[in-house]
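The values are calculated or read from the model by the stated rules, or taken from the named source; none is laboratory data. Since the model is a prediction, treat every value here as computed from it, not as a measurement. Every residue, glycine among them, receives a Cβ derived from its backbone with ideal geometry; neighbour counts consider all protein chains shown. Quick note on the areas: whole protein, heavy atoms, side chains included, nothing else; ligands and nucleic acids left out. Shrake-Rupley method; radii C 1.70, N 1.55, O 1.52, S 1.80 Å.
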Amino acid sequence: MKILVATDKPFAKVAVDGIRKEVEAAGYELVLLEKYGEKTKLLEAVKDVNAIIIRSDIIDAEVFDAAKELKIVVRAGAGYDNVDLASATARGVCVMNTPGQNSNAVAELAFGMMVMAVRNFYNGTSGTELMGKKLGIHAYGNVGRNVARVAKGFGMDIYAFDAFCPKEVIEKDGVKAVSSVEELYSTCNVVSLHIPATPETKNSINYALVNKMPKGGVLVNTARKEVINEAELIKLMEERTDLKYVTDIMPAANDEFVSKFEGRYFSTPKKMGAQTAEANINAGIAAAKQIVSFFKDGCEKFRVNK
Ligand SMILES: NC(=O)c1ccc[n+]([C@@H]2O[C@H](COP(=O)([O-])OP(=O)(O)OC[C@H]3O[C@@H](n4cnc5c(N)ncnc54)[C@H](O)[C@@H]3O)[C@@H](O)[C@H]2O)c1
C-alpha cells in the first residue's frame, strides 16, 4: 500500500515522524508531498497511491480522477468541506475526518478566555475566581467533555445540556445534566458553547436565552459564530452592563462589539482553538491509524461520505 501525505501547509516534523511510524509498522510505504503550491504536482503525486492524508488541501473531482488507485482520503482535523464528498462517493472512495483530536486544545482555550474575562481582561482591577462558580456546558460532545474534565481542576460546579447525549452519560462524569437549555442559562455564572452550527442551533443564542444568566454572567464561544444572534446579544449587553462575551470566532459585528463593550468583550483575531502543535500531531497520527485499520480490518468508523 502506498500512503501519500499531501500537505501544502505541512505538519510539524514530529507529526510526520509519528505518521511514518504507523504506516511503516503496518508494512506500507509513505510518500510525502509538502508545500506543493501548484495543483499539477498534487495531480502527479496521487496517480498511484492508495490513501491520502490531507489537512486543508483541496481534493476535488480532478484529483479523484487522477488518483486511479485511491481507496481512502483522511482529513487530519475536524472540518472536511475541502473534500468533494459527492465525487468521492461516485468513485467509491471513503472519506474520513479525525474528530476529537483537537478537543483538548479547544477546551484549554475556553478556560484561557474564561479566566481572562473573570479577571477583567487583566486591567489592574480586582476580579473573581472560577472556583465554586457554576459552569454550564452547552453541548456535551468531544470539546464539552474536555471542558468538564478541566473544570473539575478549577473546582467549578459543573452543569451540562445536550440535546442528544443521554443524561446518564453526562452524570457518569460527575456533571449535573439539566433538562433544558433555559435551565442551563438560568443556573450558570459561566456558559461555554460547544454546539455545532445546525439549522436548530443557528441564531439560537439570543436575547431571551442569555438574559436568563445570573448577574455577572460570562458567555464563552469556541463553537461557531452562526449560533449567536449578534443583534440580540448586542441589545442585551447594552441593557445588561454586567454581562461579558468572549469568543474564538470573530462576530460579523466585531467593530460594534469592540466600540460598545470595552472591558466586557474579547475576540481572538482568527479562530485559534485548534491551533496547537499537539492537536496537529494527534490528528496526523489518528489519520494514519484510521487508514491502517481501514485496510487491515475494513474499519470505517469515521467515514463522513455515504
Ligand atoms: N474554536 C475552534 O477552533 C474549534 C475547533 C474544533 C471544534 N470547534 C467547534 O466546537 C463545537 C463542538 O465541537 P465537538 O468536536 O465537541 O463536536 P461534537 O460533534 O463532538 O459534539 C457536538 C455535541 O453537540 C450536541 N448537539 C447537537 N445539536 C445540539 C443542540 N441543538 N442542542 C444541544 N446539543 C446539541 C451533540 O449531541 C454533540 O454531543 C462545534 O461547533 C465545532 O465546530 C471549534
For the stretch 35-48, enumerate the residues that are outside any helix (DSSP H, G or I) and open to solvent by 30 Å² or more (accessible area, probe 1.4 Å). 35, 37, 38, 47, 48
List pairs: first in the stretch 85-100 and within 16 Å of the ligand (Cβ to nearest atom), second among the hydroxyl-bearing types (Ser, Thr, Tyr), Cβ under 6 Å, 6+ apart or cross-chain? 97/80
Residue match in the stretch 137-152 (condition: among the polar types (S, T, N, Q), surrounded by 16 or more Cβ atoms within 10 Å (Cβ to Cβ) and within 12 Å of the ligand (Cβ to nearest atom)): yes
Considering only strands (runs of 3 or more DSSP E) fully contained in the stretch 192-284, which possess at least 1 residues that are under 14 Å from the mean Cα position of the chain (by Cα)? 218-221, 244-247
If we ask which residues in the stretch 102-147 are under 24 Å from the mean Cα position of the chain (by Cα) and outside any helix (DSSP H, G or I), their number turns out to be 10
Consider residue 51 against the criteria (1) farther than 23 Å from residue 274 by Cα; (2) within 16 Å of the ligand (Cβ to nearest atom): it satisfies all of them except one. Which criterion is unmet? (2)
Would you please name the residue that is nearest to the ligand (Cβ to nearest atom), looking only at residues in the stretch 182-198 that are under 18 Å from residue 143 (Cα atoms), touching a residue at least 24 places away in the same chain (Cβ under 8 Å) and surrounded by fewer than 21 Cβ atoms within 10 Å (Cβ to Cβ)? 196
The listed residue being within 25 Å of residue 196 (Cβ to Cβ), of a type outside the set (S, T, N, Q) and more than 16 Å from the ligand (Cβ to nearest atom), out of 155, 174: 174
Filtering the stretch 199-222 down to residues that are near the ligand (Cβ under 9 Å from one of its atoms) and open to solvent by 10 Å² or more (accessible area, probe 1.4 Å) yields 200, 201, 204, 222
